[in-house]
Amino acid sequence: MDFQVVVLAGGNSKSLTPLVSKDVPKPLLPVANHPVLYYVLHQLEESNLKDLIVVVEGEDAGLLVGAWISGTFVDRLHVEIAAVPEDIGTAGALRAISHYLTAKDILVVSGDLVSDVSPGAVAATHRRHDAVVTATLCCVPISGSSESGSSGGKDKTKKPGRYNIIGLDPRKQFLLHIATEIEKDTRLQKHLLHAVGQMEIRSDLMDAHMYAFKRSVLQEVLDRKDTFQSLKQDVVPYLVRSQLKSEAVLSGIRQAEEDGNEKVSFPNNQVMVSQILANASTPSFHELYSMDPDGSAQTRKTHKCCAYIASSSSYCVRLNSIQAFMDINRDVTGEADHLLSDNVIGPSPKLGTKTTVGPHCMLGEGSEMGDKCQVKRSVIGRHCRIGSHVKVVNSVVMNHVTIGDGCIIQGSVICSNVQLQERVVLKDCQVGAGFVVTAGSEYKGESLARKEK
Amino acid sequence: MNPNPNIDFSHLCFLLFLQKSTKFFERQLSMDARRMSRAVPRVRQVGFFTPNTPAQQPQPQSAAPSSESPPLSDSPASNSLSPVMIPPPRHLSDNLGGRTAAVPVPGREISGELPTVGSYNPSESVLWLDSPPRSRIGDEELSEGAESSLGWYRRSDSAKFASSLPSGGFNLSTAKHPESVAAVEAKNPLPEQSEVQKEQASSSKPLKAKTTKAERRALQESQRAAKAASRAEANKSGTPGGAPSSKPMKQPPQKKDGPPVASSIAASERIGVDRSVEKERKKDLPPPRKQFDDESRGGRAKRRSVLNQPEARNRVELFRHLPPHKNGTQLPSLESKFFELHEKHPAVYKVGLQYLAGDLSGGNARCIAMLQAFQEAIRDYSTPPEKTLTRDLTSKIGGFVSFLIECRPLSMSMGNAIRFLKSRIARLPLTLSESEAKTTLCSDIDRFINEKIVLADKVILRHAATKIRDGDVLLTYGSSCVVEMILLYAHELGKQFRVVVVDSHPMLEGQKLLRRLVVKGLSCTYTQLNAISYVMHKVTRVFLGASSIFSNGTVYSTVGTASVAMVAHAFRVPVLVCCEAYKFHERVQLDSICFNELGDPDAISKVPGRVDVNYLDNLTDKQKENLELLNLKYDATPSDYISVIVTDYGMIPPTSVPVIVREYRKEYLLI
């Protein structure tokens, strides 16, 4: 179908410390015992997209990710790993691999997306409208935000900041405005409003960071505007802003197309054919705007920015904060368990007597639990050893964790190789990899990590 | 569609008798030409109810509407100089431009009368199809044009004209009855009619007696051919869910065509011509369309299809056989399969999506878009190893087509274009290399678009513009691209006229047309279909577009067209249907029930931009079970209401459609 897929896997994310570290880059952060990148790759594989470019920030992370992918998707996917320097942003990463891009359209997917939105649907919308960019929008999961209210006040205050202000045309097909960071005020373009007539401003939609771009335009924008750092904050808003006066952006391409038409032996007929086609199709406001008042020639250059709005039933969350990490873990084991193809409870967990594992839980293989434990809505990784009288609620416990007797863990994330000694009480904490929590200590809402040497 | 289909013969005779008395008076007034013209064929048909004259279908055809105003009909010579003649099909090498240029366009204005239409001159065309057994028959007997112009007396001495329409006439048999039913208006006297019957009976007798051995053998063979044909016909017109009203009318003529009743005349005439034609026709015949209420076939189709078929609940009983509408609900499932449909070319896929989403509508545009997508697919095509291009590409195109059908049922024009393309592929010389073959096909497609659509439109608008005079008020319905071009062209020519754009819910296509017309400086009136009878008073011409025109002259077009034509007819306003000849189809359709397309049923219950008009939304599920929404896309306009068809071969009466189909179909398959 002439699409190329670029997965922007990222590297070390500051917002996710202490969960991510040098050894566990963000793409490999386990979500329900699978690296987060797995979800994206799995989704793409389901859609029959097997040639991928995975862009990873940092050489080391690139090696790790590459090793994992080649181990997991041995002969199922054909993946090229491209390691780019850190901190050049998503736009910079695309700029760096620009010479790999050859297809007509590029599908850019963020590596931290956990969703069941079909990439094909986005691509189809893109093709149908012949758009320059198509952004995937999804409803902000309402259930997630309401439930997570219990799990900490600091995330609550953060939340509204993640919303986007998105303007759509009445038919909800075109993107008219996108502002990802809430400023005090946001500006709408008058001529755009005038052309469309009606704009719907919504804040309950989230940019899922799955874009389809027209390659030529993307490359030109990246070349021309070398200050652009991020796709989401610079490139897409720029394209949306300039859709009715697409400056030089499209001139080159349009010219080429017109030249192509000239070659045909019946230029006059060609005009008539295109006229017939144009008259028969439903004109979008772009076409109406680009026409002269007398309706004849197209004088103004426009391009289309489309939006694909995922249905509210589909699941779509980005893993870009610890809160999101918790939510995803809970949802993947719970309501959105169709994202995982394999079973939720590992093959051979050893449970002690009177130990209860509630619903929406996941136990990795080789984990052992002592007597009279309680596990509710939690994910426990592989080869964990959990003593007796331990309570784990709303938490994520990664691999090779040792938990002593009588620990109570609520709403916390415990990374790999952590050792919790006896009678530790953790509430809303994040414990970095390899950390040792001394016996009897109590923490609330803290982030514990090993000091970097 | 038929106003009064169940009127019987005796009733008809009675009416004829009644009207006979007024005949003289009306002639004196030299009344509306259309009425007259319709009168003449009607009465002839009345004669054909006798059982042993089964194959005389061409007559309704040969009657050219308006060619016989009373004084003219006396002189045969005047009619052979008919204003629009279809040139003989011998010049196959001619390109379209040259050919259409040869069609003399009537320049004269007939005030208060219909736009001029003439009878064609089929004597040459008949000769072209001639075959040895037929050459026995004198040419003058075959020259149907002369017969029709002569009227009753002359025609009756030649009983052999029956098969002068070897391919078209067959289909027409089904059309005969409804037309004759409408003969209520006929004004010719009864005695004439009985005379005809007598004469025909007498002329058929001696012929039967002198059949030779060769003739008998020929007869046998022809019967065989006729049998096969009737089977094909039965297949084609078999409509399980069809209208009950259409059935009884269809049956008798088909039976008559069968061997036992067929008279020797018809049979002996058919031989030779028919067999070759028949063979070819069987090849050309589109397979019977899928009936969606047929359980077994539906099941098979479901398994094969890319899209899920929506359930048949809440669909109007009478229209269950039509493929259900797929828009909206099906879009997501198709979209999510975007990358899985490997074998579909992206261009084809895009066109399919546009059909499905309704972004692209209109017969010409859909056809062009499809052909261009195929062109792109052919350009990117490479023959897999151990396969031949001809076969593999044909199956590939077939796959594309079935995909497009799933997105939206094909229009007739698209079907014709696909047939053209497939025949081009089949005829590719084997010696051609792959790249040569591909460029040949691409240029063929280009030529099809240019000649059959673009050039045809140009010719049509020249023809039609002659019918627009200063001070006219033209009415058009919906949004037809040809009609729009005509209006703009006439405006460019500096003619002073007004346009009434009639529109209808839910598509409101007329608004788009209106916008473009107003922008160009035409003075327009816009109204809805329900006000048609009020605006029709002022209208002097009605221009309509068509999705397809069938062999019996029925115009298949956007729903609502039939009502416009009917109202116009009632107000004695000429109706001009503008349609490119590539949209003609050899099928015969009497109603819009057997074949139609269902639109989005929810579209009719909503008013765009008015969310508050939602009276149907808050029904409970149980109440909704009693509700069936029907959104038909097309309707069929009987040829009675159509004054003239403006096509790229000139202006023709609706009865001449089969001639175009017969004479030019082959040639365009050959291009």
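Read-outs: derived from the displayed coordinates by stated rules, not from any lab. Given the structure is predicted, the values throughout are model-derived calculations rather than measurements. Glycine also receives a Cβ, built like all others from the backbone with ideal geometry; neighbour counts cover every protein chain displayed.
Can you give me the C-alpha center-to-center distance between the stretch B:446-510 and the stretch A:405-433, rounded to a whole angstrom?
The stretch B:446-510 and the stretch A:405-433 have Cα centres separated by 79 Å.
Could you list which residues have their amide H under 5 Å from that of A:Ile386, counting only those 5 or more apart in sequence or on another chain, with H placed in the peptide plane?
When sequence neighbours closer than 5 places are left aside, the close amide H contacts are A:Glu368, A:Met369, A:Gly370, A:Ile403.
For A:Ala83, which sequence-distant residues (separation of 5 or more, or a different chain) have an amide H within less than 5 Å of its own amide H, given hydrogens modelled in the peptide plane?
A:Val56
Take every residue in peptide A:117-130, count the Cβ atoms of other chains within 10 Å of its Cβ, and give the average of those counts.
Across the residues of A:117-130, the mean count of other-chain Cβ atoms within 10 Å is 6.
Which percentage, to the nearest 5, of the DSSP beta bridges contained in the stretch B:531-671 is antiparallel?
For the stretch B:531-671, the DSSP antiparallel bridge percentage is about 55.
Would you mind working out the magnitude of the charge dipole of the stretch B:325-451 relative to its Cα centre, with +1 at each Lys and Arg C-beta and -1 at each Asp and Glu C-beta, to the nearest 20 Debye?
About 320 debye.
For Cα pairs less than 8 Å apart in space and 6+ apart in sequence, what is the mean separation divided by the residue count of the stretch A:343-448, i.e. the relative contact order in percent?
Reported relative contact order: 16 percent.
So if we plug the beta-carbon distance of B:Thr383 and A:Gln275 into 1/(1 + (r/R0)^6) with R0 = 41 Å, what FRET efficiency do we get, rounded to 0.05?
Efficiency for this residue pair is about 0.70.
Before anything else, pin down the relative contact order of the stretch B:572-639: Cα pairs under 8 Å, at least 6 apart, normalised by residue count, whole percent.
It rounds to 47 percent for the stretch B:572-639.
Mind listing the phi-derived Karplus ³J(HN,Hα) values for the stretch A:408-415, rounded to whole Hz, using 6.51, -1.76 and 1.60 with θ = phi - 60°, and x for any glycine or proline?
Each residue of the stretch A:408-415 in turn: 10, 10, 10, x, 10, 10, 10, 7 Hz.
Run the simple label-point estimate for B:Ser435 and B:Thr525 please: 7 Å along Cα→C-beta, distance reported in nm.
About 6.2 nm separates the two model spin labels.
Considering amide H positions built from the backbone, and no H for Pro or chain starts, which residues 5 or more places from B:Phe584, or on another chain, come under 5 Å of its amide H?
When sequence neighbours closer than 5 places are left aside, the close amide H contacts are B:Ile549.
For the charge dipole of the stretch A:47-120, defined by +1 on Lys and Arg C-beta atoms and -1 on Asp and Glu C-beta atoms about the Cα centroid, which residue among A:Val74, A:Thr90, A:Ser118 has the Cα displaced farthest towards the positive pole?
A:Ser118
How high is the relative contact order of the stretch B:325-451, given as a whole-number percent (alpha carbon pairs under 8 Å, six or more residues apart)?
Value for the stretch B:325-451: 32 percent.
With θ set to phi - 60° and the Karplus curve 6.51 cos²θ - 1.76 cosθ + 1.60, what are the ³J(HN,Hα) couplings of the stretch B:491-499 in order, to the nearest whole Hz, using x for Gly and Pro?
5, 5, 5, x, 6, 9, 8, 10, 10
In nanometres, what is the gap between the two model label sites at B:Asp470 and A:Ser321, each 7 Å from Cα along Cα-to-Cβ?
7.6 nm
Calculate one ³J(HN,Hα) per residue across the stretch A:5-21 by plugging θ = phi - 60° into the Karplus curve 6.51 cos²θ - 1.76 cosθ + 1.60, and present them in order as whole Hz with x for glycine and proline.
So the J values, rounded to whole Hz, are 10, 10, 9, 8, 7, x, x, 8, 10, 5, 6, 9, 5, x, 5, 9, 8.
Let me know the charge dipole size of the stretch B:458-572 about its Cα centre in debye, to the nearest 20, where only the beta-carbon of Lys, Arg (+1) and Asp, Glu (-1) is charged.
About 260 debye.
B:Asp617 to B:Arg515: extension gain in nm, 0.36 nm per residue of separation minus the Cα-Cα distance?
33.5 nm
Take A:Lys350 and A:Ser230, extend 7 Å from each Cα along the Cα→Cβ direction, and tell me the distance between the two endpoints in nm.
Distance between the two pseudo-spin positions: 4.8 nm.
Please give the length that would be gained between A:Arg171 and A:Asp204 if that part of the chain were fully extended, namely 0.36 nm times their separation in residues minus their C-alpha to C-alpha distance (nm, one decimal).
Extending this stretch completely gives an extra 10.2 nm.
How charged is the neighbourhood of B:Val539? Take every other residue with its Cβ under 11 Å from the Cβ of B:Val539, and add Lys/Arg as +1 and Asp/Glu as -1.
+3
Dipole magnitude of the stretch B:382-511 about its Cα centre, charges +1 at Lys/Arg Cβ and -1 at Asp/Glu Cβ only, in debye to the nearest 20?
The dipole of the stretch B:382-511 has a size of about 360 debye.
For the stretch B:325-451, build the charge dipole from Cβ charges (+1 Lys, Arg; -1 Asp, Glu) around the Cα centre, then report which of B:Phe420, B:Val351, B:Ile445 sits farthest towards its positive end.
B:Phe420
Based only on other Cβ atoms within 10 Å, what is the fewest-to-most ordering of B:Tyr477, A:Tyr315, B:Tyr534?
B:Tyr534, A:Tyr315, B:Tyr477
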